[in-house]
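K.L.:
Take a look at this one; I'll ask things after.
The values are calculated or read from the model by the stated rules, or taken from the named source; none is laboratory data. The structure displayed is predicted, hence computed values, not measured ones. Glycine gets a Cβ as well: all are built from the backbone with ideal geometry, and neighbour counts include every protein chain shown.
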Amino acid sequence: MSEDGSSKAEEGAMSMSPLLNRSAGGSTYPVPPQAPEHRDYGTASSDDQQRLLQSALLSQERDLSAMTQTSRPTRVLSPPSSRRSSRASSPARSESGEEDLPVNVCTEDQLLRLPPECLSEDVDRPLRHVDEMEEVSHHALQPMFYSVIFILLVELLERFSFYGINYTQTSYLTGAYNSEWNAGMDAIPASSYVAISVAVAYTTPFLGAVLADSLLGDYKSILVGIMAFYLPGLFLIAFTTIPGLLGKEFNRQALAVGLLFLWPVGTGIVKSIVNVFGAKQYHPLLQSSLIEAYYVKFYMCINIGALVGGVLVPLIAQQNVTTAYFLPVLMLTLGGLLFMLGSSRYVKSKPKGNLFATKKYPRLGKTDPIGLNVILRVSLLVVPFNIAYSQMATTFIVQGTVMKKAFGWIDAASMNNADAISVLMFGSLVGNVFYPFLANRGIKIPTTYKFAIGSALGALAIAWALFVEHKINSHFQETGKKISIVWQTWSYVLIGAGEIFAVSAAYEVAFSAAPPEKKVLASAVNLFCIGALPNYLCLILYHLCKPWFENSRGTTSITRIADYVTADVHNYFWLLLLISVFGVFLNLLPPVRSFVESVEEKAVDMMKSPKTPQRPPRMERDEEASLLQIRRHQAYLKYGSGPTLYKQGSMRAGPALSSRGSQSQRHLKRSMIPTLYRSDPVLPGVGTVISGKSGKPIQAGFLLKSGAKKREQFKLERSSSK
C-alpha cells in the first residue's frame, strides 16, 4: 500500500470509535464504524448548518474509505463467550437509547467499549482519568490485587495494634494484669485516660487532613503517622510494662506521652487517610461500583484486625502483659513494611494547596458544592449512638471486672470481640439478606432512618447493661458470688449491629458529599463526630456523675464486687439510655430527613461523573406521564436493579421510600466523556487499527509495551505521512 493510502487509513482509523477485538494470535480487527456523533445545529445560521453537515458527511465517507483501503480484510471477531461478560455482549442503554459505559471496568474485554480519552499508555494501569483540577492519573484494571491489597493489609494490622491496646487499657491501668507493677488508678481516672486517648485519636485526623491534602500527599502522610508517631508510642507503652526499665517506680509520665500523645496522634493520622487513599486507587468513573465494594472489604479488614488483636492481646496479657504489648509493635512494623512494598503501584495524588480555600473548578465553573459545615451537621446525628459505643472500652469494662471469667480465660477486655463478631455477622446478613429483600420490594432505607436504627440498637445495648447491673447486684446479695461475664454478650452484639447502620452510613455520606480535594478533611470531620466528640462528652459525664461511681467508703475504687454493689453505676446507665433514645427521635424527625436527603441529592447532582440529566423538581417528577412511568417499569423488569454495596458496610438497594430518591441511579454516558475530559488522550488512537508507514497494521500491544522512543517514532511517522 502507498504512503498516501496508509496516511488515509491512519486518519480514518484515528477518527473512528476506539473499539478493538483481538484474536488469540494477537491480530487486531476493527469494529465497523459507528454512526456520526449527533450535533446540535439549531443555533447556527443556515449557511453554517449546511457547511457543518457537509463536513460531517465527508468525515464519514473518509472513515469508510480508510476501512476499505487496508491491506488486510476487515472483519469482526467476537471474544469467546466464556470470557465475555454480559455487559460487554449487551451494552446497557439509557432511556434515551444512548449507550452507558461500564462502571465496573476490570477486564480487557471491557476496555473495548471505552473511548480513547479513558485509555493510557501504561500497560499495568491502562485507565486514564482527568479530575476537576485537570490532573491526570492512571489506574489498574484490578486495583484490589494490584495495589489495594497492601493498603488493606496495613489497615488490618493497624487495627490489630489499636484494638489490642484499646481493649486492655482499663485493665492495665487498674492493675488487673500485674498487681505489683501498674499505674495504680481507680475506675474514674482509668476511664478518663481511655476516653482522652480515644478522643485525641479521633481529633488528630484533622492533622492528617492537613498533611495529606495540603503538604505531603496521602502516601507520605501515612508513613509519617506510622513511623514518627504510632510506632514510637507503641514502643513507649510497651516499655512501661517492664519493671524498672524507665525508673524504680511506675513511670506515669512516659505512659502519658505514649498513651495520650504519640499513639493516638499516629492513629488519627493513619485513620483519616488510609481509607481515602485506598479508594483513590480506583478510577472514580469507570470503577465507581468497585469503590463501593472496596469500602465493604475495608470495613471487614477493620473488624478482622480488631477481632484477632482483641483476642490475642488480652489473652496473652493475662499471662505476660509485656509480651502482649510488644505484639502490636511487631504487627504495625510488619504493616509499615508491606505498605512501602507497594509504593511503586499506588496512585499518588498531589497535595491541593490551601485546604480551607473555596475552589472553583475550571471545567464546571462551580465552587465547592457542599461545605464541611454541612458534613459536620450530618455527622452530628450519630453522636448519641457513639456515646453508647464509647462505653465498650470504659464502663462496660468496669462492669466486667466484677464478673466471673467465662471458660477460665474470657475476661472483660476479651468481651469486646463480641462486637467485632457481631459486625461481621450482621454485616453479612444485612448485605446479603436484608437489603436484597428490601430491593426486591422497591424499598430503600433513608440515611436518617439508618441513623435511627443504629441509635435504637445502642439504646437496647444500654438497656441490657442495666439488666446486667441488676443481675450483678441481686445475685451477689443472694449468694455473695459473681455472675458470668457471658451475660454482657448482648450489649456488645447490639452495639455491633448498630454500627452497620449508623457508623457505616455516616462514613458513606462524608465521602460521597465531600469535594474531591477535601476528602480526607471530610473524613476527619466525620471521625471527630464518631470518636472524638462522644468521648469528650463522656469525660464531662464521668466527672459530673462521679458520685454514682463512689463506693460506701467514698472512693471510686470499684474493681472489687463488694465495693461495686455499693455504688450507683446503674444511674449512669439510665442517663446513657435517655441519650440514645433522644438520638432515635432526632433522626426520625421529617425536617432532619429532608435535610440529609437534600445533601445527598446535591452530592449526586454536583459530582463530576456523567449521569442522567439533573432531576427536575419534586413536583414535576410527581406529575410525570403515566406512559413514561410504564416504560421505566418495563426497563426495570428487563434489566433489573440489584443492591449496591456502599462504603463501610453501608448498602443501598432499590428506590427510596419517597419519590425523592427514586431516580438517583447514576449512568456513565459515552458521549459525555469528551466533554468532561475535553482533551486529547495521552496516547491517540489506542484501541484502533493503525497502519504504519510500511502499510502493515500496528499491533495493539505495540502502543502499550513499547517505550517512549518508539512512541515518539510512531508520532513522527504519522505526522510525516500527513
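K.L.:
Suppose we filter the range 463-508 for residues that are within 26 Å of VAL525 (Cα to Cα) and either β-branched (Val, Ile, Thr) or not assigned by TED's automatic domain parsing to the domain that holds TYR202 (or both); how many remain?
P.N.:
The qualifying residues number 3.
K.L.:
Can I ask one more? Restricted to the range 556-575, and to residues that are modelled with pLDDT of 90 or more and of a type in the set (Gly, Ala, Ser), which residue is surrounded by the most Cβ atoms within 10 Å (Cβ to Cβ)?
P.N.:
ALA567
K.L.:
Is it the case, given these coordinates, that ALA412 is among the small types (Gly, Ala, Ser), modelled with pLDDT of 85 or more, under 27 Å from ILE579 (Cα atoms) and not in a helix (DSSP H, G or I)?
P.N.:
yes
K.L.:
Collect the residues in the range 166-192 that are among the hydroxyl-bearing types (Ser, Thr, Tyr) and under 30 Å from VAL276 (Cβ atoms), keeping them in residue-number order.
P.N.:
Answer for the range 166-192, where residues must be among the hydroxyl-bearing types (Ser, Thr, Tyr) and under 30 Å from VAL276 (Cβ atoms): TYR167, THR168.
K.L.:
Taking the conditions exactly as written (in a loop (DSSP other than H, G, I, E, B) and surrounded by fewer than 18 Cβ atoms within 10 Å (Cβ to Cβ)), does GLN281 satisfy them or not?
P.N.:
Spelling it out, it is not the case that GLN281 is in a loop (DSSP other than H, G, I, E, B) and surrounded by fewer than 18 Cβ atoms within 10 Å (Cβ to Cβ).
K.L.:
Filter the range 89-138 down to the residues that are at pLDDT below 70 and not aliphatic (A, V, I, L, M) and list them by number.
P.N.:
Across the range 89-138, the qualifying residues are SER89, SER90, PRO91, ARG93, SER94, GLU95, SER96, GLY97, GLU98, GLU99, GLU132.
K.L.:
Farther than 19 Å from GLY184 by Cα, in the same structural domain as ILE196 (by TED's automatic domain parsing) and of a type in the set (Val, Ile, Thr), is that true of ILE269?
P.N.:
So ILE269 passes the test.
K.L.:
Ok, one more. Can you name every residue in the range 585-602 that is part of a helix (DSSP H, G or I) and over 25 Å from the mean Cα position of the chain (by Cα)?
P.N.:
Residues satisfying the conditions are PHE585, LEU586, LEU588, PRO590, PRO591.
K.L.:
Shifting gears a bit: Check every one of the helices (runs of 4 or more DSSP H) wholly within the range 509-573 and list those with 3 or more residues that are within 21 Å of THR448 (Cα to Cα).
P.N.:
Filter on the range 509-573 gives 519-527.
K.L.:
Would you say ARG593 is touching a Ser or Thr at 6+ places or on another chain (Cβ under 7 Å) and among the basic types (Lys, Arg)?
P.N.:
Details: touching a Ser or Thr at 6+ places or on another chain (Cβ under 7 Å): yes; among the basic types (Lys, Arg): yes.
Spelling it out, ARG593 is indeed touching a Ser or Thr at 6+ places or on another chain (Cβ under 7 Å) and among the basic types (Lys, Arg).
K.L.:
Restricting to the range 309-352, name every residue that is small (Gly, Ala, Ser), buried (at least 19 other Cβ atoms within 10 Å of the Cβ) and over 12 Å from GLU158 (Cα atoms).
P.N.:
Scanning the range 309-352 gives GLY310, ALA317, ALA324, SER349.
K.L.:
Here is a check on your reading of the model: is SER191 outside any loop (DSSP other than H, G, I, E, B), crowded, with 18+ Cβ neighbours inside 10 Å and touching a Pro at 6+ places or on another chain (Cβ under 8 Å)?
P.N.:
Here the answer is no, as SER191 does not meet what is asked.
K.L.:
May I pose another question? So is SER390 within 21 Å of the chain's Cα centre (by Cα) and either under 18 Å from LYS519 (Cα atoms) or modelled with pLDDT under 95 (or both) or not?
P.N.:
Taking the combined requirement at face value, the residue does not satisfy it.
K.L.:
May I pose another question? Can you say whether ALA201 is among the small types (Gly, Ala, Ser), assigned by TED's automatic domain parsing to the domain that holds VAL347 and in contact with a Gly (Cβ under 6 Å, 6 or more places away or on another chain), as far as the supplied structure shows?
P.N.:
Taking the combined requirement at face value, the residue satisfies it.
K.L.:
From the set of residues in the range 437-465 that are of a type in the set (Lys, Arg) and not in a helix (DSSP H, G or I), which is surrounded by the fewest Cβ atoms within 10 Å (Cβ to Cβ)?
P.N.:
Ranking the candidates gives ARG441 first.
K.L.:
Would you tally the residues in the range 290-308 being among the small types (Gly, Ala, Ser) and either free of Cβ contacts under 8 Å to residues at least 24 places away in the same chain or buried (at least 22 other Cβ atoms within 10 Å of the Cβ) (or both)?
P.N.:
So the answer is 2.
K.L.:
Let me ask something else. Inspect the range 466-488 for any residue being among the basic types (Lys, Arg) and in a helix (DSSP H, G or I) and give the result as yes or no.
P.N.:
In the first step, residues of the range 466-488 are kept if they are among the basic types (Lys, Arg); the result is 471, 481-482.
Still in the running and in a helix (DSSP H, G or I): 471.
So far as the range 466-488 goes, yes, one or more of its residues are among the basic types (Lys, Arg) and in a helix (DSSP H, G or I).
K.L.:
Moving to a separate point now. Report yes if some residue within the range 484-499 is of a type in the set (Ser, Thr, Tyr), surrounded by 24 or more Cβ atoms within 10 Å (Cβ to Cβ), closer than 30 Å to VAL130 by Cα and under 29 Å from the mean Cα position of the chain (by Cα); otherwise report no.
P.N.:
Checked the range 484-499: no residue is of a type in the set (Ser, Thr, Tyr), surrounded by 24 or more Cβ atoms within 10 Å (Cβ to Cβ), closer than 30 Å to VAL130 by Cα and under 29 Å from the mean Cα position of the chain (by Cα).
K.L.:
Turning to a different aspect of this structure: Give me the pairs, please: first residue somewhere in the range 324-338 and more than 14 Å from ILE151 (Cβ to Cβ), second residue anywhere and in a helix (DSSP H, G or I) and not hydrophobic (A, V, I, L, M, F, W, C), beta-carbon distance under 6 Å, and either six or more positions apart or on two chains.
P.N.:
PRO328/SER161; PRO328/GLY164; MET331/SER161; LEU332/SER161
K.L.:
Consider LEU260 against the criteria (1) modelled with pLDDT of 85 or more; (2) over 21 Å from ALA209 (Cα atoms); (3) surrounded by fewer than 24 Cβ atoms within 10 Å (Cβ to Cβ): it satisfies all of them except one. Which criterion is unmet?
P.N.:
Unmet for LEU260, out of (1) modelled with pLDDT of 85 or more; (2) over 21 Å from ALA209 (Cα atoms); (3) surrounded by fewer than 24 Cβ atoms within 10 Å (Cβ to Cβ): (2).
K.L.:
Just to be sure, is TYR177 in contact (Cβ under 8 Å) with a residue 40 or more places away in the chain, under 30 Å from THR559 (Cα atoms) and not in a helix (DSSP H, G or I)?
P.N.:
Taking the combined requirement at face value, the residue satisfies it.
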